1. Can we say LEU721 is out of contact with any Pro (no Cβ under 7 Å at 6 or more places or on another chain), modelled with pLDDT of 95 or more, buried (at least 22 other Cβ atoms within 10 Å of the Cβ) and in a strand (DSSP E or B)?
2. Residues that are at pLDDT 95 or above and of a type in the set (D, E, K, R), at least 2 per element: which strands (runs of 3 or more DSSP E) completely within region 370-427 meet that?
3. Of everything in region 624-659, what is of a type in the set (D, E, K, R), more than 18 Å from THR701 (Cα to Cα) and part of a helix (DSSP H, G or I)? Give them in sequence order.
4. May I ask you to list the residues in region 211-222 that are surrounded by fewer than 24 Cβ atoms within 10 Å (Cβ to Cβ) and touching a residue at least 60 places away in the same chain (Cβ under 8 Å)?
5. If the requirement is being modelled with pLDDT of 95 or more, within 21 Å of ALA384 (Cα to Cα), in the same structural domain as VAL212 (by TED's automatic domain parsing) and outside any loop (DSSP other than H, G, I, E, B), which of these qualifies: LEU244, LEU233?
6. Regarding ARG547, is this residue outside the structural domain of TYR197 (by TED's automatic domain parsing), basic (Lys, Arg) and either at pLDDT 95 or above or surrounded by fewer than 21 Cβ atoms within 10 Å (Cβ to Cβ) (or both)?
7. State all residues of region 606-635 that are touching a helix residue (DSSP H, G or I) at 6+ places or on another chain (Cβ under 9 Å) and either acidic (Asp, Glu) or free of Cβ contacts under 8 Å to residues at least 24 places away in the same chain (or both); if no residue qualifies, say none.
8. From the list ALA497, ALA513, exactly one residue is assigned to a helix (DSSP H, G or I), of a type in the set (Gly, Ala, Ser), closer than 21 Å to HIS732 by Cβ and in contact with a strand residue (DSSP E or B) (Cβ under 8 Å, 6 or more places away or on another chain). Which is it?
Amino acid sequence: MTRPYRPYPPYPSLLVFGALSLSQSVLAAQAPSALLPSGRLLTPAGQIVETPNFPTQIALSDGHVAVLTGGASKQQNVLRFAAETLQPEGRVGALFAKDKKHAAPGATVAQGDQNGGRADDGEQVIKGQSLFQGLAAGPDGTLYATGGNSDDLLALGSSGNGPLHLLRRYRLQWQPFPRDQYPYQYAGDWQQTRHFYPDSVVIGPHGRHAYVTGMLANSLARIDLQTGVTHYLNVGSYPFAVTLADGGKRLVVSNWGGNGVTIIDRGAWKVLGAVPTGPVLGPRSGAAGAHPTALAAQPDSSNVWVADANLDRLVAVNTQTLKVVRVIDDSPYPGAPPGSYPDALAVSQGKLFVANAGNNDVAVYDLASGKRIALIPTAWYPTAVTVQGNALYVASAKGMDGGPNIHHQWVGNFMQGVLQRIDLRELPIHGPAWTQAALSNNGFSAAQRRQLASDNAKAAAWLHGHIQHVVFILRENKTFDEDFGKYAAAGHWADPALNLYGPRELPNLYRMADLGALFVNFYADGEVTSQGHQWTTAGSDSDFLQRTWPLYYSDRGYIANSGWTQSLAPGASDARNPYAIYKNLSALGHWSNPWITYPARLFLFNDLLAHKVSFEDFGEFASRNKIGDISPALRAHLAMDYPAWDRLILDTDRAKVVDNWLRHHPLPRVLYIWLPDDHTAGRHPCLPSPDSYVANNDEATAQVIHSLSKLPGWKHTLVLLTEDDAQSGADHIDAHRTFAVAAGPWVKPGVRVTQHLSQVDLLRTIETVADIPPMSQWDANAHVLSGIWRSTPDAAPYPVLPSLVPMQRNPGVCPVDAPFRALPEVVVPGVGQVAQSAPPPAHRYTPTALLKVSGPEQMRQEWLASRGPAAYAAMLAHVQALAKAQRRPASSLIAGQDDD
């Protein structure tokens, strides 16, 4: 499928919060539609209205529906809508920030105060406050929202239909947990106060108590809502949700990191026992967790339904016998690998409603038979579902896709959410059509899967006859236009006005496109780096990673890059701390606990190892067991002397490590190489300039391919190159658009591939060459590359064009220490001196230890360093003009700040 080159949006106006987009229920075929980076379609049924970024919970009361949103932005929100019409009725904003202009925690201001004097629209903003994931309504209509990093529970109310406002705050405290309980140590930001981190709430039967889970304290809190007195219980690893069960006599807590649920006697306030819903895994287990998440009690029963999000299973637990009594497979079709990611549940009218975040639908099951009745199409990544009467409400975290990003909007938070209302009286009539649409949107219909299998079989047959080795090179954070905007051969797929790095900085990349196949309609499947590295190695990113990466990107007290192997040790933020420089993948030992973030079937390297396929990993992080160890078998395939994320080492030195390894080892079936320096270090003093980093990365890429081209196996080698995400630049087609290039003796020169493809299509091609099975529903239904091959190979040595950019450091004060002095190939311009043009501290960053900075800041600094303020301003003006001319949302083309 070729992504339409069309004005945006492709659906009826889906307006910002404050306007209803559709006023009547519609069939999926008539619904608003969007095409996702993966190539999947969205056609949500029913009424929809836009919300701020990343809604995660819904609560219903007195004719109102409330939604909590908590994306990677400075402000989270609780919004209220009319239950029948979805007409917006106001919101409370939580503005978590640390700079001096913000008031002390707890202070409140009108919306106008934080928006340059705009008229007050009835919104209250609570400064110094965070929100995360949990929302519930009490019997009197009071809303209770969990505060995440703020360690509190907020009570919100209104007078009649008046605006929401803060009624009371209940404070919560971190609780110690057993040393033998995962994650074995505190997993938040060690530089801050230890947090309870409330993430879900349920109100007791009579409205007297609130029960709140603490994600980072492995605890459940019972709050007396009258007195504020609070008691705590340890309930297990990473508690996700809590619900009442057995007529309110018991509480059930799902443990995200514990592979089961904990049952509590509510009156006696004691733990009755734990019930595994997935495999029981010990500390040295290397398997991924089940990720028990959403809960829903079955009325007039002792059963509670649990969503094992990582296993696509729905498990019924009897809270009296403490046993699993039923399991439903939530796969979209028989034999499907994991990827549905069920993460919200509701029970009503004898049915179980399941929000499948991975498949953009709600599955409806008959509780009597356990059979699926229907699939209802939703917007992107549904995260909350509830039923009241004949109305089904669904919140989808990523809304209707981002599209192009043209108004300084960051791909990490500009995608607005969606609240959806479906009239369940239409289910008997429209259920079959909705089901067919949901399957077809994802490429899951029987006919689609047959056709894809036939196409892939033909492509695989060619590969098996010609390609014996595949080399995957991953680089960092670039959109298509950012690197290829001036590549004339790309035609209308390129916009030179958005180009930052061109032929001067990237002569080898442009030459690689000339000699091989350039994929111009190619997309990153995730928004940020921690997601991107899971998409390129697992064909998916886990539900845990999706829900938690916004926390550390918005500095809300959670450990940075939770999906990565990195230190939790105090003091690791220092750029020269050995725990922050990944020269040795084993150096972190037990300080690192990323296990909870892993998708069900782990990663490419585990798949290769299990099927005895030769491979070597240069720099990419590998799976660890629960206590942080890498297995000896996997360790044998990691290039332990390869420097991964280290800003003091250039990619040309990484290329030398690869070259030396190739000289002393036979070429394996799969090579995975991470060359991260095109990420740059912005304008941080004394580190190489962005131009220098990018040019060095370009030269290093060519050097790696040149080394490969001297080997006997080069004739049958395929090289695939792409970026991990597209968050640091502008793109005139889509904020997720990046590029891929295929090179090698069998690749036809000068090919421009316009087929809509994404990172999982490259992964599926690698799996095909290696003859290993796919790991998720995405790579299982991805395309094997075809149509780019020549009839006879050209195995000539691959050229390396010299860098045209002199190696320069950013101006500023250079620390007089060995690491900076020893930076290879860099001439030190006056160590210890201050250059006149040195940026102030507020205008520079270093991703040396904190890998992830927001895309807008990275993009801004790179433009200012490489092109200057005037060019940066002109680029912003250009993309804003595009937005106006092409009727695209102003929040859809550039990696920049959110709309709030």
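1. Taking the combined requirement at face value, the residue satisfies it.
2. Those strands (runs of 3 or more DSSP E) span 416-423.
3. Kept after step one, since they are of a type in the set (D, E, K, R), are these residues of region 624-659: 624, 626, 629, 635, 641, 646-647, 651, 653-654, 656, 659.
Cutting the leftovers down to more than 18 Å from THR701 (Cα to Cα) gives us 624, 626, 629, 635, 641.
Of everything in region 624-659, just one residue is of a type in the set (D, E, K, R), more than 18 Å from THR701 (Cα to Cα) and part of a helix (DSSP H, G or I), namely ARG635.
4. Residues satisfying the conditions do not exist here.
5. On the way: LEU233 fails: within 21 Å of ALA384 (Cα to Cα).
After ruling out the rest, the residue left standing is LEU244.
6. Values: outside the structural domain of TYR197 (by TED's automatic domain parsing): yes; basic (Lys, Arg): yes; either at pLDDT 95 or above or surrounded by fewer than 21 Cβ atoms within 10 Å (Cβ to Cβ) (or both): no.
Judged against the criteria, ARG547 is not a match.
7. ASP607, GLU616, ASP617, GLU620, ASP629
8. Details: ALA497 fails: in contact with a strand residue (DSSP E or B) (Cβ under 8 Å, 6 or more places away or on another chain).
So the residue among ALA497, ALA513 that is assigned to a helix (DSSP H, G or I), of a type in the set (Gly, Ala, Ser), closer than 21 Å to HIS732 by Cβ and in contact with a strand residue (DSSP E or B) (Cβ under 8 Å, 6 or more places away or on another chain) is ALA513.
The values are calculated or read from the model by the stated rules, or taken from the named source; none is laboratory data. Note that this is a predicted model, so its numbers are computed, not measured. Virtual Cβ from ideal backbone geometry, glycine too; neighbours counted across all protein chains shown.
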